[in-house]
Amino acid sequence: MQVTLSAPTTTPSQEGHRLGTREYRRLAIALFAAGIATFSSLYCTQPLLPLLQAAYRITPAQAALSVSATTLALGVGMLLVSPLSDAFGRVRFMRVALGATAVVGLACAVAPNWPVLLVLRAVQGLALAGLPAVAMAYLREEVHRQAHARAAGLYIAGTAIGGMLGRLVAGGLADVLGWRAAVGGVALLALACAVTVFALLPASRRFVAAPASPARLARLTGRLLTDPVLLALDGIGAALMGAFVAVFNALGFRLAADPYRLSAGVAGLVFLVYPIGSLASALAGRAAGRFGQRPVVPAGVVIMAAGGLLTLAGPLPLIIAGLAVLTFGFFAAHGVASGWVAARAQLGGGGTGQASALYLLAYYLGSSVFGALSGRAWSAGGWPAVTAMTVALTVAGGLLALALTRTRPLAQAAGERAAAERAAGERAAGAPAAVTGTT
């Protein structure tokens, strides 16, 4: 029987927001603001670590916990938020997350003692968890497929600018008004971004509630945790992010000490190397599209290690050059690895959101653990000890990346299985059977 299939008709709401429409512009501005709020809040205390050490009379390792507590809580929180947003909606989660982030940030600015500040920073990390994974899911659902890449790029650009802006604002305000005003200023920036999101972000039109099934989550998680390639990619994310954050955590102490004696605001200018990460991600993505992920990730790791070694130099320009090289290598490797996780999970049978959440958990766990240890390394052996730790981490990530070059792509394996199944079917039928459009 011949079957004629007609293309399904779709309404604009089913297609998603198209490029150039008023709704798309509102969405793009809102998510750009959300990216700024998220990452300016996440790392706002990084340039303030020497000031926190002096204010609370704590060690450099303890001061670094103000970053680690937030990143760890963010990573853990994302595992909970991703399935909950499937059940309760994306926009609600993002609005609540941004509002809570700003309010807790203001509370951090008036924390009476060190333990209270650490608890508030951890709570802020949990609030921030409502943004990264949920924002990408919202984009997939609400933006037309032809505009999805551009919208996602705007959000990622917002996160990069937010990470840089939060550090610059905090450092500049700290020079003039002290660390409390610096933290409060970043919280006000997050509040302004939250108001922008509340006012502009369009309501979900294509969201379909999917109540979380513990059995399904357990099944997906079990499959993802037994895939050696995904586990290696998680390890790469943890090692490289640990090395990257360790360098920037300890850098504030180095630049505040002899012979540099830079203020927090001036030292914070080194974070202007961050836009290099956006360029690195784009170039690495193109290279991965041409040559595959397997050779690109090790190349990024090698570049990152070279940058770390260059920071051993004494002259400040060479230190900044080393940071630029380190940043380029990190974002090149991380950008490709994170995309590889989603692609691998999809080809393996689904669970892309859960796979991404597990990768980000490892990523932020590396940031939390090794970011905190950077303070101990600085106290024990100065910058050479910090460099030794970060290079060791990049070597560990590089070995995992090299191991992945010997694995077979899932797409290739799937194609071979499909070809074998077709050949078996043809042999069983006794002749090739190529029937199209019939049942």
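The values are calculated or read from the model by the stated rules, or taken from the named source; none is laboratory data. Computed from a predicted structure; not experimentally measured. Virtual Cβ from ideal backbone geometry, glycine too; neighbours counted across all protein chains shown. For the accessible areas, the whole protein counts, side chains as well, though only heavy atoms, and no ligand, DNA or RNA atoms are used. Shrake-Rupley method; radii C 1.70, N 1.55, O 1.52, S 1.80 Å.
Figures for the structure shown
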item: Residue in the range 114-163 that is modelled with the lowest pLDDT, counting only those that are among the charged types (D, E, K, R) and buried (at least 19 other Cβ atoms within 10 Å of the Cβ); result: GLU142
item: Residues located in the range 394-414, provided they are out of contact with any Leu (no Cβ under 7 Å at 6 or more places or on another chain) and assigned to a helix (DSSP H, G or I); result: VAL395, ALA396, GLY398, LEU399, LEU400, ALA401, LEU402, ALA403, LEU404, GLN412, ALA413
item: All positions within the range 215-240 that are of a type outside the set (S, T, N, Q) and in a loop (DSSP other than H, G, I, E, B); result: LEU225, ASP227
item: Residue in the range 219-234 that is acidic (Asp, Glu), touching a helix residue (DSSP H, G or I) at 6+ places or on another chain (Cβ under 6 Å), in contact (Cβ under 8 Å) with a residue 24 or more places away in the chain and more than 21 Å from GLY35 (Cα to Cα) present; result: yes
item: Selection from the range 165-183 of residues that are open to solvent by less than 30 Å² (accessible area, probe 1.4 Å) and within 25 Å of the chain's Cα centre (by Cα); result: GLY166, ARG167, ALA170, GLY171, ALA182, VAL183
item: Number of positions in the range 192-214 that are open to solvent by less than 70 Å² (accessible area, probe 1.4 Å), in a helix (DSSP H, G or I) and either among the aliphatic types (A, V, I, L, M) or at pLDDT below 90 (or both); result: 5
item: Members of the range 231-257 found to be at pLDDT below 90 and either farther than 30 Å from GLN46 by Cβ or open to solvent by less than 10 Å² (accessible area, probe 1.4 Å) (or both), listed by number; result: ASN249
item: Residues within the range 269-278 that are surrounded by 17 or more Cβ atoms within 10 Å (Cβ to Cβ) and over 19 Å from the mean Cα position of the chain (by Cα), tallied; result: 1
item: Qualifying residues in the range 355-370 (those that are among the polar types (S, T, N, Q) and open to solvent by less than 30 Å² (accessible area, probe 1.4 Å)) - the one nearest to ALA337 (Cα to Cα); result: SER367
item: Single match in VAL110, VAL81, VAL103, VAL91 (criterion: among the hydrophobic types (A, V, I, L, M, F, W, C), more than 22 Å from ALA257 (Cβ to Cβ), under 24 Å from the mean Cα position of the chain (by Cα) and open to solvent by 30 Å² or more (accessible area, probe 1.4 Å)); result: VAL103
item: Among residues of the range 292-320, those that are among the hydrophobic types (A, V, I, L, M, F, W, C), open to solvent by 40 Å² or more (accessible area, probe 1.4 Å) and in a helix (DSSP H, G or I), counted; result: 9
item: Residue within the range 279-291 that is small (Gly, Ala, Ser), open to solvent by less than 20 Å² (accessible area, probe 1.4 Å), assigned to a helix (DSSP H, G or I) and under 25 Å from ALA250 (Cβ atoms) present; result: yes
item: Flag for ALA182 being within 19 Å of GLY105 (Cα to Cα), modelled with pLDDT of 70 or more and not β-branched (Val, Ile, Thr); result: yes
